[in-house]
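First comes the structure, then the notes that go with it.
The values are calculated or read from the model by the stated rules, or taken from the named source; none is laboratory data. Everything numeric in this text was worked out from a predicted model, so none of it was measured. Cβ: placed from backbone, ideal geometry, glycine included. Neighbour counts: every protein chain shown.
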């Protein structure tokens with residue numbers, strides 16, 4: 001049996017109910033020091049040469065279309081923002097279940113505004129929009145969606161003189177999208193409107209990536225893009241691929257609701273835990289190490 005554990009990335013531990021079987025497993029595992037690392041930073045750490053901040057836009061463009069080249073790319077993902085008493089909150093980004101014709105209709109409205117700013121909007125995929133930037137354009141720091149979701153978006157907009165043009169452009173985009181007839185049609189079907197975009201993941205495609213991972217199991221497009229760039233095997237996430245994940249593999253379960261991590265999914269985790277070491281990494285920073293012989297620790301009490 002290999003000593004290299006498979007790593008399971010999971011939602012925040014406080015989202016799992018007290019009776020969830022995962023908590024019973026953790027009772028017998030070893031607790032490590034917390035490591036509250038943001039997702040993009042964790043991805044950059046797992047793939048040597050990716051750079052920091054992670055050039056997510058270029059990686060996604062290359063993976064999905066194959067023409068990232070040496071251009072600088074910036075994600076301009078479709079987003080839903082909602083005003084409240086204290087500001088405007090970013091409610092969703094890049095996960096709005098857009099159809100190709102919807103994405104093209106929104107893009108057609110926005111293209112003139114981007115062209116006037118000297119930018120080219122590309123619909124890489126319905127839920128992944130990107131800007132091909134002019135060479136050597138000065139860029140501010142852009143916040144990843146995970147940093148801003150649920151919060152007042154203005155606290156996470158690019159700052160300073162370099163950020164001003166992006167704040168102004170974002171305001172123009174929001175005005176254009178506000179009354180788009182597609183939004184009313186989407187809301188009538190119980191779907192969120194597209195009334196903003198979110199800038200993030202700027203940079204150029206890394207020349208070469210390396211990783212000690214033996215493979216990747218996950219559905220996240222950025223993770224899959226990194227694996228492809230590093231030449232690492234990647235499988236779609238299913239209970240079967242989870243249950244047979246090799247030692248040294250990364251299994252991404254971050255977007256799987258804790259309530260769904262039961263039944264077939266939990267059987268797959270148990271199958272994996274019976275035959276190899278595991279490293280549990282929760283979104284909240286909690287870390288646990290598990291080895292198959294830990295199941296004999298009957299004396300351990302409630303989860304810590």
- [ ] Scan 148, 125 and give me the residue that is closer than 26 Å to residue 221 by Cα and out of contact with any strand residue (DSSP E or B) (no Cβ under 9 Å at 6 or more places or on another chain).
- [x] 125
Open item on the list: I'd like to know if segment 24-38 contains one or more residues that are in contact with a helix residue (DSSP H, G or I) (Cβ under 8 Å, 6 or more places away or on another chain), at pLDDT below 90 and within 22 Å of residue 230 (Cα to Cα).
Closed with: yes
Open item on the list: Suppose we filter segment 129-157 for residues that are under 18 Å from residue 173 (Cβ atoms), touching a helix residue (DSSP H, G or I) at 6+ places or on another chain (Cβ under 6 Å) and not in a helix (DSSP H, G or I); how many remain?
Closed with: 4
Open item on the list: With the requirement that a residue be in a loop (DSSP other than H, G, I, E, B), surrounded by fewer than 23 Cβ atoms within 10 Å (Cβ to Cβ) and touching a strand residue (DSSP E or B) at 6+ places or on another chain (Cβ under 9 Å), what does segment 48-66 give you?
Closed with: 49, 51, 53, 65
TODO: Evaluate the following for residue 166: is it touching a strand residue (DSSP E or B) at 6+ places or on another chain (Cβ under 7 Å), in a helix (DSSP H, G or I), within 26 Å of residue 43 (Cβ to Cβ) and in the same structural domain as residue 81 (by TED's automatic domain parsing)?
DONE: yes
Task: Unique match (being surrounded by fewer than 21 Cβ atoms within 10 Å (Cβ to Cβ) and within 19 Å of the chain's Cα centre (by Cα)) among 136, 141 - done: 141
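Which of the residues belonging to segment 75-105 are free of Cβ contacts under 8 Å to residues at least 24 places away in the same chain, more than 20 Å from residue 179 (Cβ to Cβ) and either part of a strand (DSSP E or B) or in contact with a helix residue (DSSP H, G or I) (Cβ under 6 Å, 6 or more places away or on another chain) (or both)?
Result: 84, single match.
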